[in-house]
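*Asks:* I'd like to ask you about the structure that follows.
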Amino acid sequence: VTEVYLLLDKMMSNPRNFLSDKRKDLYYGQLRFTSYKLYDRDDQLSIITDAYSQMTSEESSKMILVSGYSGTGKSALIKHARPILKTRNAHIIYGKFDQLQQAEPFFAIIDAFNGYFDKVKKGGPEYIQRIKTAIFEAIGSEVGVLTKIFPRLCQVIG
């Protein structure tokens, strides 16, 4: 919070460093933030990392769902949590709810898994085979049902 006040003080004392009026026809000015920081979200970040720790100690398949109103910083929170969780060997997938896609049920979940399957395809043949084997061991012959929901899964399992 102190950093926010310091930045606001800098903005007020020298607004030309933060506002640009190059396109006067389109904008009154442009606000630039000098760094990518997450302010006052340590509690939420801890909840995510603690939940991951608890999930891994139970050896079960679970997920963490982050939800909230538009513009509240959910994506920024996840972007800050990703490097922390990756050091703990977490597999992170995420999807964003798009109001234009309301007609498609579970759009954010489908979007998240499609992004994951795209990432798997880029991992090389050994990685693809390892993921394919894990999927078949976990789901077995029912994997066909999932390909109807997640069409990009076909590109991973063949």
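The values are calculated or read from the model by the stated rules, or taken from the named source; none is laboratory data. Because the structure is predicted, anything quoted here is derived from the model rather than measured. We place every Cβ from the backbone using ideal geometry, glycine too, and count neighbours over all the protein chains shown. Just so you know, the surface numbers come from the protein's heavy atoms only, side chains and all, with ligands and any DNA or RNA stripped out. Shrake-Rupley method; radii C 1.70, N 1.55, O 1.52, S 1.80 Å.
*Asks:* Between L45 and M12, what is the FRET efficiency for a Förster distance of 41 Å, r being their Cβ-Cβ separation, to the nearest 0.05? Before the final figure, lay out the partial values.
*Replies:* On the way: r = 29 Å, r/R0 = 0.71.
So, using R0 = 41 Å, E works out to roughly 0.90.
*Asks:* Which entries in the list K37/K132; K119/K148; K37/K121 go over 26 Å, if you measure between the two C-alpha atoms of each?
*Replies:* On the way: K37/K132 37 Å; K119/K148 19 Å; K37/K121 32 Å.
Over 26 Å Cα-Cα: K37/K132; K37/K121.
*Asks:* HN-Hα J couplings of the range 116-124 from phi, Karplus 6.51/-1.76/1.60, θ = phi - 60°, integer Hz, Gly and Pro as x?
*Replies:* 5, 5, 4, 5, 4, 4, 7, x, x
*Asks:* Hand me the GluC sites (Glu not before Pro) from the range 51-158 located in a DSSP loop with no more than 15 other Cβ atoms within 10 Å, in residue order please.
*Replies:* Sites meeting the loop and neighbour criteria: E59.
*Asks:* Residues of the range 66-154: accessible area per residue at 1.4 Å, in Å²?
*Replies:* Heavy-atom accessible area per residue stands at 70 Å².
*Asks:* Which part of the range 140-158 falls in the paramagnetic zone of R130, meaning amide N under 17 Å from the point 7 Å along Cα-to-beta-carbon?
*Replies:* Backbone N within reach: 156-157.
*Asks:* Per-residue HN-Hα couplings for the range 80-95, Karplus 6.51 cos²θ - 1.76 cosθ + 1.60 at θ = phi - 60°, whole Hz, x for Gly and Pro?
*Replies:* 7, 6, 3, x, 5, 6, 5, 5, 9, 6, 7, 9, 10, 10, 8, x
*Asks:* Calculate, in nm to one decimal, what T56 and D118 gain on full extension: separation in residues at 0.36 nm each, minus their alpha carbon distance.
*Replies:* Value of the extension gain: 19.9 nm.
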